[in-house]
Amino acid sequence: MRTHYCGELRSSHNEETVTLCGWVHRRRDHGGVIFLDLRDRDGLVQVVFDPDDDVNFNTADRVRSEYVVKVTGRVRARPEGTVNKDLPTGEIEVLGKQITVLNAAATPPFPLDSHSGVGEDVRLKYRYMDLRRPEMQSKLILRSRISTALRRYLDDKGFLEIETPILTRATPEGARDYLVPSRTHDGKFFALPQSPQLFKQLLMVAGFDRYYQIAKCFRDEDLRADRQPEFTQIDMEASFVEESDIMGVAEGMIRHIFKESLGIEFGELPHMPFSEAMERYGSDKPDLRIPLELVTVSDLMAEVEFKVFSGPATDPKGRVAALRVPKGSELTRKQIDDYTKYVGIFGAKGLAYIKVNDLSDLEEGLQSPIVKFLPVAVRKALLERLGAENGDLIFFGADKARIVNDALGALRIKLGEDLNLYTAEWAPLWVVDFPMFEQDDDGSLHALHHPFTAPQCTPEELRAAPEKALSRAYDLVLNGTELGGGSIRIHDQAMQAVVFDLLAITPEEQREKFGFLLDALQYGAPPHGGLAFGFDRLIMLMTGADSIRDVIAFPKTQSAACVMTQAPGEVSNEQLRELNIRVRKSVTEG
């Protein structure tokens, strides 16, 4: 029906006769000449209709925005002085010879050249219209190109694309699983997978050696800007590998798609231990574009009379840390109060600060309600450790280490955004050497990643000091966002037994939760490891979108609903009877 896409026409097509199909982006009448901006997924081109041809001129005069038309005409150079340098097709136009209206269109619910002032709920309700906007189309086109690029990359590395089941088994602790009732197995349910984790390990046992999949995953949880109930991840697993092998493949893939899709080249990605990331940035996914760092000052505060500082400083699980903001003394009291409220979200009881007005005067040159509680020697040592300069502002966090890290780590990010402190456009890194376990307040352990992550020690060393054990896990972080993570897996039954024992998972629970995997591991499981990337998050970062909803064709809202299709919806009583299910009304409905 067409010979070219609208956006592909250039000066090299001059004098060619072309047939275009698309949507009328804009219609203009200039002195008896009709101009149509014709749009398709590839771009936009200007079409001109002269009044010499009454039939086609009158048809062009009748069309309106979003009419679907077919146009045949001759490509010609634009008249001198009318070239549009902001448009890829701006040096040429098409002199229309024939126009056919393929379909009329109602007035769009919002302007398609901009959605300024249009709420996201309206955009999602009319998503098929929202997706016509060039901004949205460019994001999804880039998404398609990236998925093609990563497939080619992994194919070249010997990985096989293998699909794993969507209907699988719910695990007893899987409160966040989406459940699917079975019609043929009365009273039983499938679950939609949160990850292909167990199946990809089984593929390693089966000898497929290198696997990947662009996998749909599902999680029934509260949503944020970077979460959806159904999401896509780039999943991979390989046998006979060490950490450096799988990380090398993944890093190479990220480099490849950034270079091929955006023309951006990354050097070798730095590695940072988890402990260093928490110490310096208060986060295991630090945004290295922001130069601010946390500095521990517990030792300096241990003997001060100010209990707000000395208490956490002498608590084995406490921390006192400082965050120096260069030229931060320009912040107003209201701004500081706002930041104090902000850190309260993360459990901080307050936000102490010192404004450094004059380093040479440790009595009058420091402005803060807390200075009087700090001996002059402590003030001097503190400023030296932080490398403070006149005009700086120093924030303090003092509490349990987790609260201090969460609060000051989040404050660091917010200051970077508010004060535009970014020193680079991209800052990728690997975070490694994660603890094997986290300890709850009651002393019980839980796996920081999952119970199949291999530790860096022997089973005997793990059992003797589980709280000190490091895992063979690794996370790839980009601009403060965790793109993905993975680990070398446990393939040795003795090690797996120790991990289950430390996690207080009984043999009965092991069989119920993971029985089929444990059975498979008995039959010659190779050493293996893998990694999964959040594909939606990756595209969000690469396109500069504010939310992964902007890079998914038909996303859900933050309440996990589709306002366009009105899903989830009710089903008929007949369907429920076939499943032997009865819906019980909640108390509020009753």
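Here are a few things to note about the model shown:
- Cα gyration tensor, the range 127-223 - rounded (a/c under 1.5), prolate or oblate: oblate
- In Å, descending, principal axis extents of the Cα set of the range 243-292: 35, 26, 13
- Relative packing of peptides 196-208, 361-373 - highest average C-beta neighbours within 10 Å first: 196-208, 361-373
- Using a Förster distance of 35 Å, the FRET efficiency for A465-R511 (Cβ separation, nearest 0.05): 0.80
- Extension gain, L262 back to E389 (0.36 nm per residue minus Cα-Cα distance, nm): 41.8 nm
- With K and R counted +1 and D and E -1, the other residues having a Cβ less than 10 Å from that of G347 yield a net charge of +1.
- One way to sum up the overall shape of the range 375-469 is the equivalent ellipsoid from its Cα gyration tensor, whose semi-axes run 36, 20, 14 Å, largest first.
- Taken along its three principal axes, the alpha carbon spread of the range 248-339 comes to 58, 35, 18 Å, from the longest extent down to the shortest.
- Quarter of the Cα convex hull surface for the range 290-423, i.e. its orientation-mean projected area (nm²): 7.2 nm²
- Other residues within the sphere of radius under 12 Å centred on the Cβ of G529, judged by their own Cβ, net out at 0 (K and R +1, D and E -1).
- Around S144: net Lys/Arg minus Asp/Glu count, Cβ-Cβ under 14 Å: +3
- Between helix 376-386 and the chain there is an angle of about 40 degrees, using the helix long axis and the longest principal axis of the Cα atoms.
- Relative packing of peptides 134-140, 476-482 - highest average C-beta neighbours within 10 Å first: 476-482, 134-140
- Straightening the chain between E578 and Q335 buys 81.5 nm, computed as 0.36 nm per residue apart minus the Cα-Cα spacing.
- Difference of contour (0.36 nm per residue) and Cα-Cα distance, F189 to E303: 35.0 nm
- Inter-probe distance in nm under a simple model that places probes 7 Å from Cα toward Cβ, at A104 and Q137: 2.4 nm
- Computed over all pairs of different Cα atoms, the Kirkwood value for the hydrodynamic radius of the range 6-103 is 13.1 Å.
- Peptides 87-96, 324-333, ordered by how many other C-beta atoms sit within 10 Å of their residues on average, highest first, read 87-96, 324-333.
- At R0 = 25 Å, FRET efficiency that the Cβ-Cβ distance of A561 and R26 yields, to 0.05: 0.15
- At 1.306 mPa s and 10 °C, Stokes diffusion of the chain via Kirkwood alpha-carbon radius, µm² per second: 55 µm²/s
- Based on the Stokes-Einstein relation at 25 °C and a viscosity of 0.890 mPa s, and on the Kirkwood radius from alpha carbon pairs, the range 449-590 is assigned a translational diffusion coefficient of 124 µm²/s.
- Expected 222 nm ellipticity per residue - DSSP helices of 4 or more, -39500 (n - 2.57), all of the chain, to 500: -9000 deg cm²/dmol
Since every read-out is calculated from the coordinates, none of them should be taken as a lab result. Since the structure is predicted, the reported quantities are computational estimates derived from the model, not experimental observations. Glycine gets a Cβ as well: all are built from the backbone with ideal geometry, and neighbour counts include every protein chain shown.
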